[in-house]
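The values are calculated or read from the model by the stated rules, or taken from the named source; none is laboratory data. All values reported here derive from a predicted model rather than from experimental measurement. Note that each Cβ is placed from the backbone with ideal geometry, even for glycine, and that neighbours are counted across all protein chains shown. Surface areas here come from the heavy atoms of the whole protein model, side chains and all, with no ligands, DNA or RNA. Shrake-Rupley method; radii C 1.70, N 1.55, O 1.52, S 1.80 Å.
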Amino acid sequence: MDKSKRPLEERRFSLLSLVSPIQFMLGIIVAFIAGALFLWAFQEDAIRAYSVLFKGAFGSKRYFGETLVSTTPLIFTGLSVALGFHCGLFNMGVEGQLEFGAMVAAYIGYAWNMPKVIHLPLALLGGAVVGGIWGAVPGYLKAYHKIHEVITTIMLNYIAYAVADYMIAVGGPMKGNSDLPASPKIMATARLDRIWPGTRLSAGIIVALLMAVLVWFFIFRTRIGYKMRAVGFSADAAEYAGINPKTMTVWAMALSGALGGMAGAVEVLGVHYRFFAAFSPGYGWDGIAVALLGLLHPVGVVAAAFLLGMLRSGSITMQAIAGISKEVISILTALIIFFSATNQTLKPMLEGAIRKHNLRGDEDPAQEKKHEG
Amino acid sequence: MTTAIEMRNIVKRFPRVLANDHVSLTVEEGEIHSLLGENGAGKTTLMNILSGLAAPDEGEILLHGTPVHFRSCLDAIKHGIGMVHQHFMLVPVFTVTENIILGNEPKRGFWLNMKQARAKVAELSERYGLKVDPDALVRDIPVGMQQRVEILKALSRGVRIIILDEPTAVLTPQEVRELYVVMRALREAGHTIIFITHKLQEVEEITDRVTVLRDGRVMGTAETQDVDEAGLARMMVGRDVVLHVKKEKHSAGEVRLQVEHLFAKDARGLPALKDVSLEVRAGEIVGIAGVAGNGQNELVEVITGLRNKESGKILLGDLDISEMTPRERMYAGLGHIPQDRQRRGLVMNFSLIDNFLMGFEDSPPFAKGPMLDYAEAKRFSRESIQMFDVRTPGPHVLARTLSGGNQQKVIIAREFRRDPAILIAAQPTRGLDVAAIEFVHEGLIKLRAQDKAILLISMELTEILDLSDRILVMYEGKIVGSFKAGQATPEMLGLLMAGSNIDQAGGQENTPTYRNGEEGGVDHG
Ligand SMILES: Nc1ncnc2c1ncn2[C@@H]1O[C@H](COP(=O)(O)OP(=O)(O)OP(=O)(O)O)[C@@H](O)[C@H]1O
Ligand SMILES: [Mg+2]
């Protein structure tokens with residue numbers, strides 16, 4: 001065929017690649033507006049609430065540090081949920097995986113004695129492995145017994161909660177010497193260093209960012225990531241190509257669980273230095289919001305984790321100073337999820353608008369597609 | 001004759017593709033008007049615009065002389081224009097009647113008036129000869145009937161102008177005949193039909209006028225009686241096309257694929273393969289003819305490892321692959337062009353690069369340790385796009401943005417480039433334009449010349465007759481006939497496919513061998 005007919009090679013950068021970030025921002029803006037309306041409806045001063053919220057999140061070094069402290073586990077849990085989605089799996093069990101990760105990391109942290117270069121990585125790894133195993137269970141049930149992962153992961157959360165409670169209850173195997181229902185403190189050799197004096201921010205955030213890069217690489221550049229995405233989009237086509245959807249399902253859930261486990265491990269090793277009941281204020285659940293808001297892309301996940309981390313730390317100040325209930329932030333978070341989920345409908349509109357814009361500009365396809373006639 | 005539709009200077013752009021470039025089309029009332037054109041010429045896009053599914057960037061539509069703007073399909077239907085898409089849009093778990101009335105339900109107070117609905121369906125199906133079983137579930141009826149349901153659905157909403165997008169691609173020759181009858185009845189009743197097809201002989205047979213699109217532009221409109229098939233082909237692709245490939249004599253070698261006493265069940269658990277045995281030799285094309293749903297699909301799936309067998313054996317040369325995974329069979333030299341390109345053959349939401357990688361992702365040069373070498377994959381995609389003339393702005397676009405025929409070309413390219421020793425090709429040219437068919441046919445002949453073994457499954461009798469060295473006929477999960485090239489006539493095959501006794505069909509002495517499931521190949525010369 002006539003080669004001149006072939007359209008030119010597409011450009012590296014197109015305005016279309018901005019669609020996702022725009023979508024991301026729009027969801028947040030709309031949610032904040034809706035949140036304000038909500039506050040007003042309940043006779044609250046929304047402007048003041050928001051300004052206190054921002055002050056609480058960014059107002060001082062300590063506040064900003066707390067924002068990053070909350071961001072850290074949310075990056076892990078967001079990545080965890082996003083990775084599952086790429087294989088078509090909805091991991092609602094991050095809470096449970098996180099509990100197990102924290103428990104194991106704490107145990108390795110206080111019970112074993114070794115040099116830091118081994119101790120810290122081992123504690124992290126232990127948390128990831130056990131979280132991964134806890135995640136692989138629903139993966140296996142889904143792949144080989146067709147039990148839907150949403151149901152099993154939620155059920156397993158309750159088991160994890162119960163196990164965690166038992167571990168640190170009076171007479172429990174991990175109960176420390178203090179009066180608290182908590183494990184003993186972990187050794188210094190297992191701790192993640194504080195990296196910003198005057199705040200509680202630990203090197204955990206570096207691990208988190210590293211994992212974001214790794215997960216991106218894994219999903220989009222490795223063979224197994226490729227296979228998972230194939231299964232996620234079309235199990236039939238994947239099977240045709242010789243990829244085993246069952247194996248991939250188990251692996252994806254295991255890796256998703258491992259990220260959840262790391263979230264718990266990093267909380268223990270970097271923030272609390274011990275395991276105690278309810279150390280997670282729902283980071284696992286928020287991971288779902290983070291993943292969706294971040295459009296399942298690791299970069300988006302980091303951005304979304306930061307946003308939710310900000311809301312979390314800001315809300316504490318908001319409650320303390322302005323006397324506005326923290327629950328307002330839960331509502332705001334819910335609104336953000338809602339609008340970021342619904343604004344998928346915006347995508348075609350945005351793309352359409354950009355295309356129209358392009359047609360007026362230099363990217364006119366009419367000129368790129370040359371006719372021979 | 002009055003003008004039913006006039007489309008003027010329609011322009012439709014997609015990112016970096018000009019799908020319709022100032023297209024003007026006039027359709028007279030009461031005619032069957034064919035739209036013809038290469039894969040990616042813009043036929044579906046143009047009809048999506050006419051049926052309200054897409055909005056044009058420029059241009060106008062006149063319906064009986066008055067300008068109209070459709071905001072949706074429903075809007076177009078209200079104006080009397082309906083489209084039957086190539087991929088049907090029916091609810092599988094609803095009955096035929098429920099599907100037809102969906103969105104337009106006759107009501108009695110709060111309740112559905114099923115009696116009235118059924119009467120209406122019966123009346124319409126009677127009037128136009130659209131035979132359907134009103135109470136069957138859509139998932140249980142053959143594609144041909146599903147298509148009639150789609151047509152009935154349009155008619156029940158008072159549509160006067162019906163667009164059929166490649167309706168015959170999924171039909172058997174018999175069903176195509178039946179469709180013709182319906183189309184003629186509709187024309188008698190004053191309906192206007194726009195008919196998209198890639199089969200020139202269908203254009204000749206059923207249409208009044210034909211418009212040819214190429215590269216998004218109109219090449220011309222003609223009275224069908226004034227043009228012949230070769231002329232149409234030239235108009236479409238701009239050169240002469242070989243409509244029937246000639247193949248050299250080529251002697252077959254040792255047995256490459258051997259299927260022995262295969263039994264298997266279909267998705268509903270009913271017996272689909274009942275003692276099927278066959279063999280394909282190196283340098284041989286064996287064609288399987290048969291009406292869709294007689295076990296061909298299951299046969300392909302069992303051979304390629306996508307479906308479990310009940311019993312039997314599959315051998316590649318001396319290697320028993322019966323218990324192997326699909327991937328192991330692929331590595332053992334088995335290639336597969338699946339019949340369902342959108343479900344099996346492609347990941348629609350993958351880029352072309354990722355689609356070209358399928359099945360290659362664990363082998364050099366693409367696999368680099370645990371990584372994929374995307375630079376290499378991109379190069380491979382570019383080459384394949386070039387070699388197989390896939391019309392696309394580039395390898396980064398998602399597979400679902402390609403036209404139907406170009407999607408098929410991606411699969412063909414990938415499977416040919418896999419260089420399999422044994423190729424199972426199921427409906428390899430479905431939805432392809434004449435030039436692409438020529439290309440694929442020549443490709444298959446070339447593989448045969450390289451001593452590959454090819455099992456061809458096709459509903460196109462001409463394709464089977466043109467390409468095969470041996471022809472097997474499948475009926476109700478059994479092989480009921482076997483012919484050497486040149487022995488079979490379309491009539492004989494047609495009779496066997498319909499389940500007639502072999503003796504009435506012309507007597508083939510070696511058929512009983514197959515029927516009893518004994519070793520085949522007696523007829524091999
Ligand atoms: N949604 C879409 N996004 C981007 N490009 C598209 C989209 N739909 C169609 N195209 C492009 O527009 C062109 C025309 O496509 P169209 O489906 O109309 O072709 P066609 O004539 O129906 O071809 P075929 O015979 O293969 O079905 C093709 O190049 C196709 O890639
Ligand atoms: Mg088309």
Convert each backbone phi in segment B:191-208 into a coupling constant with the Karplus relation 6.51 cos²θ - 1.76 cosθ + 1.60 (shift: θ = phi - 60°), then list the ³J(HN,Hα) values in order as whole Hz, x for Gly and Pro.
6, 10, 10, 10, 10, 9, 7, 9, 9, 5, 5, 5, 4, 4, 7, 10, 9, 8
Springs between alpha-carbon atoms under 10 Å, Gaussian network over chain A: tell me which of A:S70, A:S280, A:S202 tops the mean-square fluctuations.
A:S280
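If you roll a 1.4 Å probe over the heavy atoms of the protein chains, what accessible area per residue do you get for chain A, in Å²? Before the final figure, lay out the partial values.
Working: 16410 Å² over 373 residues.
About 44 Å² of surface per residue is accessible.
Could you grab the relative contact order for segment A:61-313? Cα pairs under 8 Å, six or more apart, rounded to a whole percent. Walk me through the numbers before you get to the answer.
Details: 547 pairs, mean separation 107.9, N = 253.
43 percent.
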Under 16 Å Cα to Cα from B:K368, which lysines show up? Leave out anything in the same chain fewer than 8 places away.
A:K227, B:K378
Amide H within-cut-off set for B:I424, under 5 Å, with H built and near neighbours excluded
B:G335, B:H336, B:I337, B:L455
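Quick check: at a probe of 1.4 Å, how many percent of the accessible area of the protein assembly as shown sits on carbon and sulfur atoms? Don't jump to the answer; show the numbers that get you there.
Values: 21980 of 37280 Å².
Heavy-atom surface of the protein assembly as shown belonging to carbon and sulfur, 1.4 Å probe: 59 percent.
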Tell me, how many Å apart are the Cα centres for segment A:150-180 and for segment B:160-189?
67 Å
Using only Cα atoms, what Kirkwood radius does chain B have, in angstroms?
24.5 Å
What lysines does A:K116 reach when the alpha-carbon gap must be under 26 Å and sequence neighbours fewer than 8 apart in one chain are set aside?
A:K175, A:K185
Partner chain coverage, peptide B:334-347 - average Cβ within 10 angstrom:
3
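Go ahead and estimate [θ] at 222 nm for chain B from helices alone: -39,500 (n - 2.57) per DSSP H run with n ≥ 4, summed, over the residue count, rounded to 500.
Working: 18 runs with 170 residues, N = 525.
Result for chain B: -9500 deg cm²/dmol, rounded to the nearest 500.
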Under 16 Å from B:K446, Cα to Cα: aspartates and glutamates that are on another chain or at least 8 residues apart
B:E248, B:E284, B:E415, B:D419, B:E438, B:E463, B:D466, B:D469
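Counting other Cβ atoms within 10 Å of each Cβ, which trypsin sites (Lys or Arg not before Pro) in segment A:85-158 have at most 11 and sit in a DSSP loop? Mind dumping the intermediate values first?
Values: sites: A:K116, A:K142, A:K146; in loops: A:K146.
Passing sites in segment A:85-158 are A:K146.
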Exposure rule at most 16 other beta-carbon atoms within 10 Å, DSSP loop GluC sites (Glu not before Pro): chain B longest free segment
B:30-247
Overall dimensions of the protein assembly as shown as given by Cα atoms, namely Rg and Dmax in Å:
31.7, 99
Quick one: the Cα spread of chain A along its three principal axes, in angstroms, biggest first?
87, 57, 38
Out of A:L39, A:L120, A:L89, a Gaussian network model of chain A with alpha-carbon springs under 10 Å gives the largest mean-square fluctuation to A:L39
Relative contact order [Cα under 8 Å, 6+ residues apart], chain B, whole percent
15 percent
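If you take all C-alpha pairs in segment B:15-113, what percent of them are over 18 Å apart? Don't jump to the answer; show the numbers that get you there.
Details: 2865 of 4851 pairs.
Roughly 59 percent, rounded to a whole number.
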Angle between chain A longest axis and helix A:223-233 axis [Cα atoms, degrees, rounded to 10]
70 degrees
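On full extension of the chain, what length is gained from B:E204 through B:L243, given 0.36 nm per residue of separation minus the C-alpha to C-alpha distance? It would help to have the intermediate numbers written out before the result.
Details: separation 39, 0.36 × 39 = 14.04 nm, distance 1.45 nm.
Once the chain is fully extended between B:E204 and B:L243, it gains 12.6 nm.
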Roughly how many Å² is the accessible area per residue of segment B:26-154, as a whole number, for a 1.4 Å probe?
47 Å²
